[in-house]
Amino acid sequence: PVHDESGRIHRIVGIARDMTAQQRTESLLTTQLELEAQFRRLAESMLGVICRYDRQCRLVYANSGLVATLRKPLQDLLGSTPVEHEPDGRYARYQALLASVIETGMERHIEVMVSDGGSGVRHHHIRIIAERGLQGEIVGAMALGLDITERKEAEQRLYASERAFRTLAENAPDA
């Protein structure tokens, strides 16, 4: 209220501020946080490995499947490239495919062998796809891995069985 000299309310002045843009921004941020939380819940509940890489092939996210597969703490892996966290060169081809997907946007597939922490290895089929931003630009890559060790072992047993049968058939004295 604005008072005159006698103290009576002479007029009322109101000041308004348009909060629409701020509320829209807050709503978008809340939606984005909800989507991120949904993605993380989905990724953590998936069988297999889910990894996200930035444009320099540095790991920016991985689900618990990667930790279980590599048997390394996630904080030791985040921010590094596959070659940096395994400098013996075993992941050089994998990193080259990541870089290729980031450069071209073309999906790639690779099978890798990973030490199981003991004396054996696990086989993984990995699908690498480009991750795109809101404008369609490539912002990184996602790698989706599935443990195919049982299938590989079955293939090896089948091959060995076939080889044994062929050897027997080819060396049998009878026609």
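Every residue, every condition in (1) part of a helix (DSSP H, G or I); (2) among the aliphatic types (A, V, I, L, M); (3) open to solvent by less than 40 Å² (accessible area, probe 1.4 Å), yes or no:
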residue: Val67; (1), (2), (3): yes, yes, no
residue: Glu84; (1), (2), (3): yes, no, no
residue: Asp88; (1), (2), (3): no, no, no
residue: Ala99; (1), (2), (3): yes, yes, no
residue: Val139; (1), (2), (3): no, yes, no
residue: Leu146; (1), (2), (3): no, yes, no
residue: Glu150; (1), (2), (3): yes, no, no
residue: Glu170; (1), (2), (3): yes, no, no
Has region 24-33 got at least one residue that is open to solvent by 70 Å² or more (accessible area, probe 1.4 Å), within 20 Å of Gly140 (Cα to Cα) and either in contact with a Lys or Arg (Cβ under 8 Å, 6 or more places away or on another chain) or part of a helix (DSSP H, G or I) (or both)?
yes
Odd one out for Val49, checked against (1) touching a His at 6+ places or on another chain (Cβ under 9 Å); (2) surrounded by 13 or more Cβ atoms within 10 Å (Cβ to Cβ); (3) more than 21 Å from Gly140 (Cβ to Cβ):
(3)
Do any residues in region 1-16 that are of a type in the set (Asp, Glu) have Cβ atoms under 8 Å from those of residues that are assigned to a strand (DSSP E or B) and open to solvent by less than 100 Å² (accessible area, probe 1.4 Å), where the two are at least six apart or on different chains, and which pairs are they?
none
Taking region 4-23 and keeping only residues that are assigned to a strand (DSSP E or B) and either touching a Phe, Trp or Tyr at 6+ places or on another chain (Cβ under 7 Å) or at pLDDT 85 or above (or both), one is left with Ile9, Arg11
Single condition Arg122 does not satisfy, out of (1) within 30 Å of Phe39 (Cβ to Cβ); (2) modelled with pLDDT under 85; (3) open to solvent by 80 Å² or more (accessible area, probe 1.4 Å)
(2)
Say whether the condition of being among the basic types (Lys, Arg), at pLDDT 85 or above and under 30 Å from Gly120 (Cβ atoms) is met by at least one residue in region 43-58.
yes
For region 69-82, which positions are open to solvent by 20 Å² or more (accessible area, probe 1.4 Å) and either free of Cβ contacts under 8 Å to residues at least 60 places away in the same chain or not in a helix (DSSP H, G or I) (or both)?
Leu70, Arg71, Lys72, Pro73, Leu74, Gln75, Asp76, Leu78, Gly79
Region 99-127, residues that are touching a Phe, Trp or Tyr at 6+ places or on another chain (Cβ under 8 Å) and closer than 22 Å to Met46 by Cβ:
Ile110, Val112, Ile126
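The values are calculated or read from the model by the stated rules, or taken from the named source; none is laboratory data. Treat the numbers as computed from the prediction; the structure is a model and nothing was measured. Note that each Cβ is placed from the backbone with ideal geometry, even for glycine, and that neighbours are counted across all protein chains shown. Side chains included, ligands, DNA and RNA excluded: accessible areas come from the protein's heavy atoms. Shrake-Rupley method; radii C 1.70, N 1.55, O 1.52, S 1.80 Å.
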